[in-house]
Each structure stands twice: as C-alpha cells, then as structure tokens.
Amino acid sequence: MEITEININIRGEEKLKAFVNVTFDDVFVVRGLKVIQGNSGLFVCMPSRKMQDGTYKDIAHPIRNNFRQQLEKMILDEYQNLLEKEGEEG
C-alpha cells in the first residue's frame, strides 16, 4: 500500500494545528486525521468518534506500529513543508 496524497488544512489553533486527509493507492481516502501540539511536540491523531460515555474511539488507524510511524513522519514532514512554503509566500 502506498500513500499517494497528503492533503493538509492548517488551522493554527493553540493545540489543533491542522486537519489531514490521506489517500492510499489513488483509490482510498481517510479523512479527519489531526496534527496536534502536545506537551512534547507535534503528533498525529487518527479520526475518531465520541462514544456515549464521553470517551473517543479511533474509527480508522494503522494496525502495525512501523506503519503508524511512517504515516506520522510523512504527515508531519508535509505539514512542516507547508508551513515553510506559507512563510515564504507571506
């Protein structure tokens, strides 16, 4: 499976930095990932749904940790590139 597109919509809020859509093999998209500013830096949250008890449960997520790390690195790299590009244009 190949990640063929990462689409980032920058938010610029205190913790929520961006919404992300990821396309796989040009045929399948996962929408609603988030770039979040945490206490120890940026990280990626998978799309989730609020449950009746108030907790959140991921509705799409990588099963293998190495793929999660690869996906997060690609998203955060693209996020940084987009910030740099906007800084140059602004």
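No lab work stands behind these numbers, since they all come straight from the coordinates. None of these values were measured; they are calculated from a predicted model. Cβ: placed from backbone, ideal geometry, glycine included. Neighbour counts: every protein chain shown.
Taking every residue in the stretch 4-15 that is more than 14 Å from LEU76 (Cα to Cα) and in contact (Cβ under 8 Å) with a residue 12 or more places away in the chain and pairing it with any residue that is surrounded by 13 or more Cβ atoms within 10 Å (Cβ to Cβ) and of a type in the set (A, V, I, L, M), at least 6 positions away or on another chain, the pairs with Cβ-Cβ distances below 8 Å are LYS15/ILE36.
Keeping to the stretch 9-59, report how many residues are hydroxyl-bearing (Ser, Thr, Tyr) and surrounded by 10 or more Cβ atoms within 10 Å (Cβ to Cβ).
First pass over the stretch 9-59, keeping only residues hydroxyl-bearing (Ser, Thr, Tyr): 23, 40, 48, 55-56.
Among the residues that remain, those that are also surrounded by 10 or more Cβ atoms within 10 Å (Cβ to Cβ) are: 23, 48, 56.
The total comes to 3.
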